[in-house]
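What follows is one structure encoded as C-alpha coordinates, with my remarks underneath.
The values are calculated or read from the model by the stated rules, or taken from the named source; none is laboratory data. The structure displayed is predicted, hence computed values, not measured ones. No Cβ is skipped: glycine too gets one built from the backbone with ideal geometry, and neighbour counts run over all protein chains shown.
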Amino acid sequence: MNMHAGNTEPDTEAELLARYAAGDPAAARLLAAQVTPRMFAHALRVLGDQAEAEDVTQDAMMRLWSIAPEWRTGEAKVSTWLYRVVANLCIDRLRKRGGVPLEDIAEPADPAPSAVQGMQQATRLDALQAALNSLPDRQRQAVVLRHIDGLGNPQIAEVLEIGVEAVESLTARGKRALKTALEGRKDALGFEDDTI
Amino acid sequence: MTRSDKNTTDTELETLFAAARSAPPPVPDALMSQILADAQRMQPIQPATGGFVSWLRALGGGPGVGGLVFATCVGFWIGVAPPANLPDLAGQLLNLQSSTDIDDSDLTGFGWDIEEG
(Lines give C-alpha, C1' and ligand atoms only; values in the text may rest on other atoms or scores of the structure.)
Protein backbone atom coordinates (compact mmCIF):
# COMPACT_ATOMS: atom_id res chain seq x y z
CA MET A 1 0.00 0.00 0.00
CA ASN A 2 1.26 3.41 -0.86
CA MET A 3 1.52 5.63 2.16
CA HIS A 4 1.22 8.91 0.33
CA ALA A 5 -1.41 10.98 2.06
CA GLY A 6 -3.39 11.75 -1.08
CA ASN A 7 -3.65 8.18 -2.32
CA THR A 8 -6.73 6.01 -2.02
CA GLU A 9 -7.12 2.27 -2.09
CA PRO A 10 -6.90 1.11 -5.72
CA ASP A 11 -9.88 -1.18 -5.20
CA THR A 12 -11.96 1.78 -4.13
CA GLU A 13 -11.06 3.61 -7.31
CA ALA A 14 -11.92 0.59 -9.45
CA GLU A 15 -15.20 0.17 -7.59
CA LEU A 16 -16.09 3.81 -8.15
CA LEU A 17 -15.23 3.48 -11.84
CA ALA A 18 -17.50 0.44 -12.10
CA ARG A 19 -20.30 2.34 -10.37
CA TYR A 20 -19.81 5.21 -12.81
CA ALA A 21 -20.06 2.80 -15.75
CA ALA A 22 -23.27 1.40 -14.23
CA GLY A 23 -24.85 4.85 -14.20
CA ASP A 24 -24.25 6.01 -10.63
CA PRO A 25 -24.04 9.82 -10.92
CA ALA A 26 -22.30 10.23 -7.53
CA ALA A 27 -19.43 7.89 -8.43
CA ALA A 28 -17.85 10.30 -10.92
CA ARG A 29 -17.77 13.07 -8.36
CA LEU A 30 -16.16 10.85 -5.72
CA LEU A 31 -13.61 9.37 -8.12
CA ALA A 32 -12.71 12.76 -9.60
CA ALA A 33 -12.22 14.19 -6.12
CA GLN A 34 -9.82 11.36 -5.29
CA VAL A 35 -7.63 11.23 -8.39
CA THR A 36 -7.79 14.68 -10.01
CA PRO A 37 -5.62 16.51 -7.42
CA ARG A 38 -2.83 13.94 -7.83
CA MET A 39 -2.93 14.02 -11.62
CA PHE A 40 -3.05 17.81 -11.73
CA ALA A 41 -0.17 18.13 -9.25
CA HIS A 42 1.94 15.68 -11.24
CA ALA A 43 1.25 17.42 -14.55
CA LEU A 44 2.01 20.82 -13.02
CA ARG A 45 5.33 19.68 -11.55
CA VAL A 46 6.41 18.01 -14.79
CA LEU A 47 5.20 20.68 -17.21
CA GLY A 48 5.73 23.72 -14.99
CA ASP A 49 2.80 25.41 -16.69
CA GLN A 50 -0.67 25.85 -15.15
CA ALA A 51 -2.70 26.02 -18.37
CA GLU A 52 -0.99 23.00 -19.92
CA ALA A 53 -1.34 21.02 -16.71
CA GLU A 54 -5.10 21.75 -16.70
CA ASP A 55 -5.43 20.62 -20.34
CA VAL A 56 -3.52 17.41 -19.68
CA THR A 57 -5.54 16.62 -16.55
CA GLN A 58 -8.87 17.16 -18.31
CA ASP A 59 -7.75 15.08 -21.29
CA ALA A 60 -6.63 12.22 -19.04
CA MET A 61 -9.90 12.24 -17.10
CA MET A 62 -11.90 12.19 -20.33
CA ARG A 63 -9.98 9.09 -21.37
CA LEU A 64 -10.83 7.52 -18.02
CA TRP A 65 -14.57 8.20 -18.45
CA SER A 66 -14.34 6.87 -21.99
CA ILE A 67 -12.72 3.57 -20.99
CA ALA A 68 -14.96 3.01 -17.96
CA PRO A 69 -17.39 0.51 -19.64
CA GLU A 70 -14.50 -1.68 -20.78
CA TRP A 71 -12.49 -1.44 -17.54
CA ARG A 72 -11.64 -4.86 -16.13
CA THR A 73 -11.07 -4.76 -12.40
CA GLY A 74 -7.88 -6.46 -11.28
CA GLU A 75 -5.88 -5.99 -14.46
CA ALA A 76 -4.53 -2.56 -13.58
CA LYS A 77 -4.87 0.05 -10.89
CA VAL A 78 -6.90 3.08 -11.91
CA SER A 79 -4.38 5.56 -10.51
CA THR A 80 -1.43 3.78 -12.16
CA TRP A 81 -3.28 3.78 -15.49
CA LEU A 82 -4.08 7.49 -15.06
CA TYR A 83 -0.49 8.36 -14.13
CA ARG A 84 0.63 6.58 -17.31
CA VAL A 85 -1.82 8.57 -19.43
CA VAL A 86 -0.78 11.84 -17.79
CA ALA A 87 2.91 10.97 -18.15
CA ASN A 88 2.50 10.23 -21.87
CA LEU A 89 0.49 13.41 -22.46
CA CYS A 90 3.18 15.41 -20.63
CA ILE A 91 5.94 13.84 -22.74
CA ASP A 92 4.00 14.75 -25.90
CA ARG A 93 3.74 18.35 -24.73
CA LEU A 94 7.40 18.55 -23.70
CA ARG A 95 8.52 17.18 -27.07
CA LYS A 96 6.30 19.65 -28.93
CA ARG A 97 7.95 22.49 -27.04
CA GLY A 98 11.22 21.48 -28.67
CA GLY A 99 13.61 24.35 -28.40
CA VAL A 100 11.57 26.58 -26.15
CA PRO A 101 14.04 28.01 -23.62
CA LEU A 102 13.31 27.00 -20.05
CA GLU A 103 13.21 30.60 -18.93
CA ASP A 104 10.27 31.19 -21.30
CA ILE A 105 8.15 28.65 -19.44
CA ALA A 106 5.92 30.36 -16.95
CA GLU A 107 6.47 29.50 -13.32
CA PRO A 108 3.46 27.81 -11.79
CA ALA A 109 1.38 29.89 -9.47
CA ASP A 110 2.34 29.52 -5.84
CA PRO A 111 -0.19 27.25 -4.20
CA ALA A 112 -2.16 29.03 -1.48
CA PRO A 113 0.38 31.28 0.25
CA SER A 114 -1.36 30.88 3.58
CA ALA A 115 -0.87 27.11 3.36
CA VAL A 116 2.82 27.13 2.54
CA GLN A 117 3.99 28.73 5.77
CA GLY A 118 5.17 31.97 4.37
CA MET A 119 7.59 33.32 1.89
CA GLN A 120 10.46 30.91 2.59
CA GLN A 121 8.45 27.88 1.63
CA ALA A 122 7.20 29.68 -1.49
CA THR A 123 10.81 30.45 -2.36
CA ARG A 124 11.74 26.81 -1.89
CA LEU A 125 8.86 25.62 -4.09
CA ASP A 126 9.85 28.06 -6.81
CA ALA A 127 13.49 26.98 -6.60
CA LEU A 128 12.51 23.30 -6.77
CA GLN A 129 10.26 23.91 -9.78
CA ALA A 130 12.97 25.86 -11.58
CA ALA A 131 15.44 23.04 -10.89
CA LEU A 132 12.91 20.41 -12.05
CA ASN A 133 12.38 22.37 -15.27
CA SER A 134 16.09 22.03 -16.02
CA LEU A 135 16.06 18.21 -15.88
CA PRO A 136 15.69 15.97 -18.95
CA ASP A 137 12.05 14.91 -19.45
CA ARG A 138 12.25 11.32 -18.19
CA GLN A 139 14.43 12.19 -15.20
CA ARG A 140 11.97 14.91 -14.26
CA GLN A 141 9.03 12.51 -14.46
CA ALA A 142 10.81 9.84 -12.43
CA VAL A 143 11.90 12.28 -9.72
CA VAL A 144 8.41 13.80 -9.42
CA LEU A 145 6.74 10.39 -9.29
CA ARG A 146 9.20 9.06 -6.68
CA HIS A 147 9.87 12.01 -4.41
CA ILE A 148 6.79 14.24 -4.71
CA ASP A 149 3.95 11.91 -5.74
CA GLY A 150 5.35 9.22 -3.43
CA LEU A 151 5.06 6.21 -5.75
CA GLY A 152 7.20 3.11 -5.31
CA ASN A 153 9.73 2.10 -7.94
CA PRO A 154 7.66 -0.86 -9.28
CA GLN A 155 4.66 1.42 -9.81
CA ILE A 156 6.84 4.06 -11.47
CA ALA A 157 8.19 1.33 -13.75
CA GLU A 158 4.58 0.55 -14.78
CA VAL A 159 3.79 4.22 -15.33
CA LEU A 160 6.88 4.95 -17.42
CA GLU A 161 6.81 1.49 -19.02
CA ILE A 162 10.44 0.79 -18.18
CA GLY A 163 12.27 -1.60 -15.83
CA VAL A 164 12.71 -1.01 -12.12
CA GLU A 165 16.49 -0.67 -12.56
CA ALA A 166 15.96 2.02 -15.15
CA VAL A 167 13.72 3.85 -12.67
CA GLU A 168 16.41 3.70 -10.00
CA SER A 169 18.96 5.02 -12.48
CA LEU A 170 16.67 7.86 -13.61
CA THR A 171 15.85 8.99 -10.08
CA ALA A 172 19.50 8.83 -8.97
CA ARG A 173 20.67 10.87 -11.95
CA GLY A 174 17.73 13.22 -11.49
CA LYS A 175 18.63 13.91 -7.87
CA ARG A 176 22.24 14.60 -8.79
CA ALA A 177 21.10 16.99 -11.51
CA LEU A 178 18.76 18.72 -9.07
CA LYS A 179 21.60 19.28 -6.63
CA THR A 180 23.68 20.76 -9.42
CA ALA A 181 20.79 23.01 -10.47
CA LEU A 182 20.36 24.22 -6.90
CA GLU A 183 24.07 24.82 -6.43
CA GLY A 184 24.79 28.15 -4.84
CA ARG A 185 21.19 28.72 -3.72
CA LYS A 186 21.60 27.12 -0.31
CA ASP A 187 21.72 30.42 1.55
CA ALA A 188 18.67 31.77 -0.25
CA LEU A 189 16.66 28.67 0.63
CA GLY A 190 17.34 29.13 4.34
CA PHE A 191 18.21 25.56 5.24
CA GLU A 192 20.22 26.68 8.24
CA ASP A 193 16.93 27.78 9.83
CA ASP A 194 15.57 24.24 9.76
CA THR A 195 15.79 22.02 12.79
CA ILE A 196 16.00 18.73 10.90
CA MET B 1 32.72 28.91 3.23
CA THR B 2 33.82 25.86 1.25
CA ARG B 3 32.22 24.61 -1.96
CA SER B 4 30.60 21.65 -0.19
CA ASP B 5 28.91 24.04 2.22
CA LYS B 6 27.24 25.76 -0.70
CA ASN B 7 26.00 22.54 -2.31
CA THR B 8 22.62 21.05 -1.53
CA THR B 9 22.74 17.85 0.52
CA ASP B 10 20.37 14.90 0.36
CA THR B 11 18.67 16.10 3.53
CA GLU B 12 18.15 19.57 2.14
CA LEU B 13 16.84 18.16 -1.13
CA GLU B 14 14.41 16.05 0.85
CA THR B 15 13.32 19.22 2.65
CA LEU B 16 12.38 20.70 -0.74
CA PHE B 17 10.50 17.54 -1.72
CA ALA B 18 8.66 17.57 1.61
CA ALA B 19 7.70 21.20 1.01
CA ALA B 20 6.24 20.23 -2.38
CA ARG B 21 4.39 17.24 -0.90
CA SER B 22 2.91 19.29 1.91
CA ALA B 23 1.59 22.00 -0.41
CA PRO B 24 0.02 20.32 -3.44
CA PRO B 25 -1.36 22.83 -5.94
CA PRO B 26 -5.12 23.26 -5.55
CA VAL B 27 -7.24 22.05 -8.45
CA PRO B 28 -8.94 25.08 -10.03
CA ASP B 29 -12.73 25.02 -9.56
CA ALA B 30 -13.28 25.56 -13.28
CA LEU B 31 -11.17 22.49 -14.11
CA MET B 32 -13.06 20.28 -11.65
CA SER B 33 -16.40 21.56 -12.98
CA GLN B 34 -15.32 20.78 -16.54
CA ILE B 35 -14.16 17.29 -15.55
CA LEU B 36 -17.50 16.56 -13.86
CA ALA B 37 -19.42 17.94 -16.85
CA ASP B 38 -17.40 15.64 -19.13
CA ALA B 39 -18.16 12.70 -16.82
CA GLN B 40 -21.89 13.39 -16.90
CA ARG B 41 -21.92 13.81 -20.67
CA MET B 42 -19.93 10.61 -21.26
CA GLN B 43 -21.67 8.40 -18.69
CA PRO B 44 -22.78 5.30 -20.65
CA ILE B 45 -26.04 4.58 -18.81
CA GLN B 46 -28.30 7.29 -17.54
CA PRO B 47 -30.19 6.18 -14.44
CA ALA B 48 -34.01 6.41 -14.30
CA THR B 49 -35.18 9.74 -12.93
CA GLY B 50 -38.18 8.36 -10.99
CA GLY B 51 -40.67 5.59 -10.42
CA PHE B 52 -43.01 6.70 -13.21
CA VAL B 53 -40.16 6.66 -15.74
CA SER B 54 -39.19 3.13 -14.71
CA TRP B 55 -42.86 1.99 -14.94
CA LEU B 56 -43.24 3.59 -18.38
CA ARG B 57 -40.03 1.95 -19.58
CA ALA B 58 -41.19 -1.48 -18.31
CA LEU B 59 -44.38 -1.19 -20.35
CA GLY B 60 -42.45 -0.51 -23.54
CA GLY B 61 -42.23 3.26 -23.43
CA GLY B 62 -44.68 5.61 -25.16
CA PRO B 63 -45.74 3.25 -28.01
CA GLY B 64 -46.40 0.40 -25.57
CA VAL B 65 -48.55 2.50 -23.29
CA GLY B 66 -50.41 3.98 -26.31
CA GLY B 67 -51.29 0.49 -27.55
CA LEU B 68 -52.55 -0.51 -24.14
CA VAL B 69 -54.78 2.56 -23.87
CA PHE B 70 -56.21 2.00 -27.38
CA ALA B 71 -56.97 -1.68 -26.70
CA THR B 72 -58.66 -0.79 -23.41
CA CYS B 73 -60.89 1.85 -25.05
CA VAL B 74 -61.92 -0.48 -27.91
CA GLY B 75 -62.74 -3.29 -25.48
CA PHE B 76 -64.82 -1.01 -23.32
CA TRP B 77 -66.73 0.34 -26.32
CA ILE B 78 -67.48 -3.15 -27.66
CA GLY B 79 -68.78 -4.09 -24.24
CA VAL B 80 -71.10 -1.09 -24.04
CA ALA B 81 -72.38 -1.09 -27.64
CA PRO B 82 -71.67 -4.44 -29.29
CA PRO B 83 -72.08 -4.80 -33.07
CA ALA B 84 -75.27 -6.54 -34.27
CA ASN B 85 -73.59 -9.83 -35.21
CA LEU B 86 -72.00 -10.31 -31.80
CA PRO B 87 -73.80 -11.80 -28.78
CA ASP B 88 -74.81 -9.28 -26.18
CA LEU B 89 -72.34 -10.22 -23.52
CA ALA B 90 -73.35 -7.34 -21.28
CA GLY B 91 -76.99 -8.51 -21.43
CA GLN B 92 -75.98 -12.06 -20.54
CA LEU B 93 -73.90 -10.88 -17.62
CA LEU B 94 -76.80 -8.77 -16.36
CA ASN B 95 -79.20 -11.71 -16.77
CA LEU B 96 -81.38 -9.93 -19.33
CA GLN B 97 -81.52 -12.90 -21.72
CA SER B 98 -83.76 -15.91 -20.99
CA SER B 99 -81.99 -19.20 -20.45
CA THR B 100 -82.35 -22.06 -22.93
CA ASP B 101 -83.90 -25.26 -21.63
CA ILE B 102 -82.11 -28.43 -22.57
CA ASP B 103 -84.11 -31.57 -23.08
CA ASP B 104 -82.12 -34.20 -21.19
CA SER B 105 -84.89 -36.73 -20.73
CA ASP B 106 -82.98 -39.35 -22.71
CA LEU B 107 -80.08 -39.18 -20.28
CA THR B 108 -82.21 -39.54 -17.21
CA GLY B 109 -84.91 -41.84 -18.60
CA PHE B 110 -85.58 -45.22 -17.12
CA GLY B 111 -83.47 -48.00 -18.50
CA TRP B 112 -80.44 -45.95 -19.53
CA ASP B 113 -78.52 -46.78 -16.42
CA ILE B 114 -79.57 -50.44 -16.64
CA GLU B 115 -78.23 -50.77 -20.18
CA GLU B 116 -74.93 -49.31 -19.07
CA GLY B 117 -74.69 -51.94 -16.39
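Brief remarks on what is shown
- Test: residue in the range A:76-95 that is in contact with a Phe, Trp or Tyr (Cβ under 9 Å, 6 or more places away or on another chain), more than 13 Å from B:ALA39 (Cβ to Cβ), more than 11 Å from every other protein chain (Cβ to nearest Cβ) and free of Cβ contacts under 8 Å to residues at least 24 places away in the same chain: yes
- Hey, A:VAL167 in a helix (DSSP H, G or I) and either facing chain B (nearest Cβ under 10 Å) or in contact with a Leu (Cβ under 6 Å, 6 or more places away or on another chain) (or both) or not: no
- Within the range A:135-148, no residue satisfies the criterion of being surrounded by 24 or more Cβ atoms within 10 Å (Cβ to Cβ), among the basic types (Lys, Arg) and within 11 Å of chain B (Cβ to nearest Cβ).
- Taking residues in the range A:44-61 that are within 19 Å of A:LEU132 (Cα to Cα), and partners anywhere that are in a helix (DSSP H, G or I) and polar (S, T, N, Q), the pairs with Cβ atoms closer than 6 Å and at least 6 places apart or on different chains are A:VAL46/A:GLN141; A:GLY48/A:GLN129; A:GLY48/A:ASN133.
- Evaluation of A:ARG72 against (1) facing chain B (nearest Cβ under 10 Å); (2) surrounded by fewer than 17 Cβ atoms within 10 Å (Cβ to Cβ); (3) among the basic types (Lys, Arg) (one fails), failing number: (1)
- Only one of A:LEU132, A:LEU125, A:LEU151 that is outside any helix (DSSP H, G or I), of a type outside the set (S, T, N, Q) and either touching a residue at least 24 places away in the same chain (Cβ under 8 Å) or at the interface with chain B (Cβ under 9 Å from one of its Cβ atoms) (or both): A:LEU151
- Among (1) at the interface with another protein chain (Cβ under 7 Å from one of its Cβ atoms); (2) assigned to a helix (DSSP H, G or I); (3) at pLDDT 95 or above - the single one B:ALA20 does not satisfy: (3)
- The condition (being surrounded by 11 or more Cβ atoms within 10 Å (Cβ to Cβ), at pLDDT 70 or above and assigned to a helix (DSSP H, G or I)) is satisfied by just one residue among B:VAL74, B:VAL65: B:VAL65.
- When we screen A:LEU128, A:LEU82 for residues that are in contact with a Leu (Cβ under 7 Å, 6 or more places away or on another chain) and at pLDDT 95 or above, the only hit is A:LEU82.
- Out of A:LEU94, A:LEU31, one residue alone is at pLDDT 85 or above and either surrounded by 23 or more Cβ atoms within 10 Å (Cβ to Cβ) or outside any helix (DSSP H, G or I) (or both). It is A:LEU31.
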